[in-house]
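**Q** This is the structure I have questions about; it appears just below.
The values are calculated or read from the model by the stated rules, or taken from the named source; none is laboratory data. Everything numeric in this text was worked out from a predicted model, so none of it was measured. Backbone-built Cβ (ideal geometry, glycine too); neighbour counts: all protein chains shown. What goes into the accessible areas is simple: the full protein's heavy atoms, side chains included, and nothing from ligands, DNA or RNA. Shrake-Rupley method; radii C 1.70, N 1.55, O 1.52, S 1.80 Å.
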Amino acid sequence: MKASNWWQRLWRPLLALALCAAAHSPTWAFKVDMYAIGNWSAGDCDTNPDDNRPSWPGMAQAWYDRMGVQGHTKTGKFVDGNMNLSRFCTGAGCADSSWIDWPDAAMIAVHGYDYGGGGGGGWGGLMRMKWNGKCGTQFGGLSPNMFVGDHNLKILHASSCVSANDDYLPNLRKSMNNGGAKKLHMFTGFHGCMWISSSYNNDYKQTAIDGQWGGIANSWVKNHYKKFGCAWWDPFNWYKTCTEQCPVAYTIGSSSSAALTRLYYESYGNALAFGSPGGSSWYAWMGYRGCKPACVDHAFNP
């Protein structure tokens, strides 16, 4: 499916109102979007067909469709097409307020990379098409170009490698706070590599199910943790013979208790009960300490 044209996007608020009036919704119904790339080679940011991942959009859609079943309003499925930085960045010429920061919850599925390197790094997301000569988002780190949550977005899921590496954690909050009263409530991603296959669609569907009234953070971490290739004599990975998939959830707050409360209890069905985070001076994370993935040279150990 190609991405909608920009003029179609401008009509989305009116469409969402009509849909909300016609549908039975939970007490706090979200607008939800998905952004996914399965084919890079037909774009101009990565023309190598070996980097295409045709199963990836289906993983994101499994979450997106289940959110719709649960009474949330599906307001945008954007796959391949003109997926570029302007939809995600903040600044001159950027349009995040009409794209990634327009819904209440969103899933983004793209190749990820460490854009800064070392302790100053953050998550980079590889786009499909160049915009102003650039192909990557920069979330967190020392020089982000992506600041979300200051419009509508509350929950951002990154189905993307190295999107929440342990050395990013002190600076991920930079992209969750643009200086205003509204801030991103929660960001989820992975320490190291994550895995792509239609066989994982149910993990994304289950994330939506378990996160509806249970904690979103717990749902993300529980449903996306996996072990691969363990030696027969090391089924619990005590000797680190397995490769693991290491999901991470991350929240902010004006105090440690505020960040932890959001981490433990905020769900898709009660996110508005918590209000917007009052600050970002504290952060909290949930994940499996010692989880050893591919793509990075150390286990998750914030």
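**Q** Report, to the nearest whole %, how much of the accessible area of the range 29-287 belongs to carbon and sulfur atoms, 1.4 Å probe, protein only.
**A** Accessible surface attributable to carbon and sulfur in the range 29-287 totals 51 percent.
**Q** Count the lysine pairs in the range 29-287 whose Cα atoms sit under 13 Å apart, keeping only pairs 8 or more residues apart in sequence or on different chains.
**A** For the range 29-287, the number of qualifying lysine pairs is 8.
**Q** What is the extension gain from residue 238 to residue 254, computed as 0.36 nm multiplied by their sequence separation minus the C-alpha to C-alpha distance, in nm to one decimal?
**A** Extra length from residue 238 to residue 254 when fully extended: 2.0 nm.
**Q** In whole percent, what relative contact order does the range 50-174 give with Cα contacts below 8 Å and a gap of six or more residues?
**A** 25 percent
**Q** For the range 30-91, calculate the relative contact order in percent as a whole number, restricting contacts to Cα pairs under 8 Å that are 6 or more residues apart.
**A** Relative contact order for the range 30-91 comes out at 44 percent.
**Q** Please give me the summed charge of the neighbours of residue 192: other residues whose Cβ is under 14 Å from its Cβ, Lys and Arg +1, Asp and Glu -1.
**A** Around residue 192, the charge tally is 0.
**Q** Only Cα pairs under 8 Å and at least 6 apart count here; give the relative contact order of the chain as a rounded whole percent.
**A** Result for the chain is 16 percent.
**Q** Could you work out the helix-only [θ] at 222 nm for the chain, with each DSSP H run of four or more residues adding -39,500 (n - 2.57) and the total divided by the number of residues, to the nearest 500 deg cm²/dmol?
**A** It lands at -6000 deg cm²/dmol.
**Q** Residue 292: which aspartates and glutamates have alpha carbons under 13 Å from its alpha carbon, excluding same-chain residues fewer than 8 sequence positions away?
**A** List returned: 166, 244.
**Q** Between 165, 147, 245, whose Cα lies farthest towards the positive end of the dipole of the range 29-287 when Lys and Arg beta carbons carry +1 and Asp and Glu beta carbons carry -1, centred on the Cα centre?
**A** 147
**Q** Net charge near residue 288, counting Lys/Arg +1 and Asp/Glu -1 over other residues with Cβ under 14 Å of its Cβ?
**A** Result for the local shell: +4.
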